[in-house]
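The structure's right below; bear with me while I get my questions together.
The values are calculated or read from the model by the stated rules, or taken from the named source; none is laboratory data. These numbers were taken from a predicted model, which means no experiment stands behind them. Reconstructed Cβ throughout: ideal geometry from the backbone, glycine too, with neighbour counts over all protein chains shown.
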Amino acid sequence: MGGILHIAYKLLVNDRAKYAALLLGITFAVFLMIEMTSLFAGILTRSSATVINIGASIWVMDPAIQTVANTIPLPDYVLDEVRSIPGVKYAVPLYSGAALLKLPDGVYQSANIIGLDDTSLFGRPTLENGNIEDIFAENAFIAVKDSEFYKLENPKVGAEFELNDHRGVIVGIAHVASSGLFGVPTLYTTYNRALQYIPSTRFTISYLLVEPKTLADVALIKQQVKAAGYLALTKDEFIQKISSFYKYQTGVGTNMLIMTVISFIIGLSISGQTFYTFVIENLEKFGALKAIGAKGRELIVMILFQAAFVSLTGYGIGVGLCALIIWTARLYLPDYAAIITFSNLVLAFLMVIVIAAISSYVGVRKVLRIEPFDIFRG
Amino acid sequence: MARTAIEAVGLNKWFGDGEVKTHAVKDVSFEAYLGEILYVVGPSGSGKTTMLSMISGILRPNSGTVKIEGSEIWSLTNDALADFRLHKIGFVFQDFHLFPRLTTAENVAIPLILQKRAWDEALKEAEVDLEVVGLKDRAQLPPVKLSGGEQQRVAIARAIVSRPDILILDEPTASLDGDSGRNIVKFVREHILSDQRCIVIVTHDSRIYEFADRIVKMEDGKMMGIERENLNAQ
Ligand SMILES: Nc1ncnc2c1ncn2[C@@H]1O[C@H](COP(=O)(O)OP(=O)(O)O)[C@@H](O)[C@H]1O
Ligand SMILES: [Mg+2]
């Protein structure tokens with residue numbers, strides 16, 4: 001078996017032009033597919049940045065909420081109601097809202113302000129600089145050092161700014177797991193200061209963050225919250241909901257899907273076409289091999305090997321290229337949101353397998369049909 | 001008396017049906033022996049290639065039997081038939097069918113590789129046979145770099161590399177100029193023929209008749225009997 005694979009390998013690789021065209025087709029398709037899906041995965045993760053960063057187990061919200069960014073304030077009594085549900089260990093309010101900051105040099109910059117519950121500071125970020133206690137100090141804010149940090153002019157502890165004619169002071173620099181999607185920097189402060197600085201509507205709670213006593217209580221909590229006319233979602237469910245919104249309610253998902261399908265079709269046509277020509281051009285040779293005494297099965301193995309070899313090589317190059325480009329892009333564009341996830345890789349791999357399978361199916365059929373007699377007759 | 005290599009009895013082959021039916025080979029019977037070169041001559045379209053394909057296990061006859069060294073081949077399964085061709089028959093195709101992407105030595109080694117011999121070993125043996133046909137120094141070149149006559153010799157080296165008892169050459173001189181054609185067949189006569197081997201050559205090139213032991217003629221699908229016998233009787 002090894003010998004015929006060696007021959008198959010040489011027939012493929014020594015045909016430089018076709019081999020290059022085959023690789024190009026597959027590499028291109030893999031690159032596009034992974035790039036598209038990675039961008040999408042990046043966007044999805046970022047769209048749930050607040051949920052990921054705050055890290056609460058259960059989020060209580062208005063049922064009409066579609067994304068974490070567009071909050072619908074909850075009345076205060078919901079907090080008491082939720083606190084009185086038996087399985088709830090504790091429940092705290094969270095404020096999340098937009099604000100316009102005036103930076104020291106006079107530049108206005110919009111920002112996302114997160115107000116943490118004053119008593120528990122539940123959902124606080126990890127500080128790189130400063131002390132979390134300082135969040136209670138006068139005018140105190142903590143800046144998040146994510147990809148948007150530079151828009152705050154890279155403040156140090158002690159830096160000042162204005163927010164609706166209030167003075168704000170940076171008392172700490174934090175880092176979080178995920179940057180947001182909307183290109184605005186994030187500042188943490190206390191719930192009460194957030195309300196004080198930012199003009200608010202009648203209701204002020206953006207979300208209720210709930211910790212259940214045990215995991216078994218989650219179902220009951222969800223049910224009770226629902227009975228009260230609100231929605232309780234676990235962290236994963238909320239992320240899922242936000243992702244679904246971007247996937248299905250915005251053009252983003254559809255466009256990504258179309259691009260992925262297009263790259264698949266391009267890859268399939270370039271590689272399929274080239275592989276077909278390759279097989280056709282070698283058809284006589286396969287016929288000669290058959291006449292000499294190669295069995296049909298051995299010819300199939302040769303073709304499958306060639307298809308698999310070129311596909312896997314193309315896949316490898318495509319993945320490598322994608323990783324390289326994303327890495328380079330990040331060097332220059334800190335906002336570049338693309339993550340190569342395991343499922344992206346698997347998806348692209350499956351598509352490559354399909355491309356290889358379709359291409360070799362056509363080749364195999366051709367090769368099995370050749371009559372050595374026709375080769376013999378010339 | 002020499003041993004019988006090929007025994008064909010009542011071979012018939014037709015193509016198509018009704019209006020377009022061509023009866024390409026009609027009731028052909030003959031024998032060929034180890035140690036001889038048998039020529040099959042006749043005009044184009046007389047059924048020579050068809051007949052050759054039937055005795056070498058490539059094309060199934062509509063009726064008749066073929067025995068190679070005493071065993072009937074057309075009762076074999078397809079796989080067994082492939083193995084039979086691989087081990088017993090060497091082919092030199094009219095237009096060579098060499099692989100342009102492989103080296104000359106690799107081309108020659110193909111039958112051994114199909115026999116599942118180790119790659120290096122197969123190449124070594126191929127080079128021995130390239131030496132036999134006088135092309136040792138061309139072993140690493142692709143066949144397209146060789147002249148027509150040299151390519152023909154590569155094809156012969158490939159046909160004999162597995163030491164087949166029967167060697168089939170279909171119009172070996174057709175794509176060569178007169179001299180190289182003659183030289184090739186002379187070479188086959190002098191170096192490739194042995195007591196253990198039967199060589200069947202299809203040709204209509206009368207300039208090479210002198211290298212045949214016997215010549216049979218085909219016309220319109222029928223074998224017209226022996227044209228000449230024991231030209232080179234030892
Ligand atoms: N696959 C085929 N289909 C139809 N007719 C064929 C086929 N192969 C050969 N023939 C016909 O059979 C006859 C003998 O062909 P062939 O054996 O190639 O002749 P030769 O080798 O003597 O020139 C010709 O008339 C040819 O057209
Ligand atoms: Mg012919």
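What residue, among those in the range B:51-71 that are without any contact (Cβ under 8 Å) to a residue 40 or more places away in the chain and in contact with a strand residue (DSSP E or B) (Cβ under 9 Å, 6 or more places away or on another chain), is farthest from ligand 1 (Cβ to nearest atom)?
Ranking the qualifying residues of the range B:51-71, first place goes to B:Gly57.
Collect the residues in the range B:40-71 that are away from ligand 2 (no atom under 12 Å from the Cβ) and part of a helix (DSSP H, G or I), keeping them in residue-number order.
B:Met54, B:Ile55
Give A:Leu345, A:Leu312, A:Leu350, A:Leu368 a once-over and let me know the one that is without any contact (Cβ under 8 Å) to a residue 12 or more places away in the chain and of a type in the set (A, V, I, L, M). Spell out the reasoning first.
Numbers: A:Leu345 fails: without any contact (Cβ under 8 Å) to a residue 12 or more places away in the chain; A:Leu312 fails: without any contact (Cβ under 8 Å) to a residue 12 or more places away in the chain; A:Leu368 fails: without any contact (Cβ under 8 Å) to a residue 12 or more places away in the chain.
None of the others qualify; the one that does is A:Leu350.
Hey, can you tell me all the residues within the range A:90-133 that are among the charged types (D, E, K, R) and over 32 Å from the mean Cα position of the chain (by Cα)? Steps first, answer last, please.
Applying the first criterion (among the charged types (D, E, K, R)) to the range A:90-133 yields A:102, A:105, A:117-118, A:124, A:128, A:133.
Of everything in the range A:90-133, those that are among the charged types (D, E, K, R) and over 32 Å from the mean Cα position of the chain (by Cα) turn out to be A:Lys102, A:Asp105, A:Asp118, A:Glu133.
Of all residues in the range B:31-41, count the ones that are crowded, with 24+ Cβ neighbours inside 10 Å and either closer than 13 Å to B:Lys222 by Cα or within 8 Å of ligand 1 (Cβ to nearest atom) (or both).
1
Do the conditions hold for A:Ala307, that is, is it of a type in the set (Gly, Ala, Ser), within 14 Å of chain B (Cβ to nearest Cβ) and either assigned to a helix (DSSP H, G or I) or more than 16 Å from the chain's Cα centre (by Cα) (or both)? Show your work before the answer.
Working: of a type in the set (Gly, Ala, Ser): yes; within 14 Å of chain B (Cβ to nearest Cβ): no; either assigned to a helix (DSSP H, G or I) or more than 16 Å from the chain's Cα centre (by Cα) (or both): yes.
So A:Ala307 fails the test.
For the list (1) without any contact (Cβ under 8 Å) to a residue 40 or more places away in the chain; (2) within 11 Å of ligand 1 (Cβ to nearest atom), I need the number of the one condition that B:His23 fails.
(1)
Now, a different point. Counting just the residues of the range A:364-373 that are surrounded by 14 or more Cβ atoms within 10 Å (Cβ to Cβ) and either within 46 Å of the chain's Cα centre (by Cα) or not in a loop (DSSP other than H, G, I, E, B) (or both), which one comes out farthest from ligand 1 (Cβ to nearest atom)?
My answer is A:Val364.
How many residues, within the range B:148-193, are touching a residue at least 40 places away in the same chain (Cβ under 8 Å), under 20 Å from B:Ile58 (Cα atoms) and not in a helix (DSSP H, G or I)?
11
Residues of the range A:221-275 being at pLDDT below 90 and among the charged types (D, E, K, R), which ones?
A:Lys247, the sole residue that qualifies.
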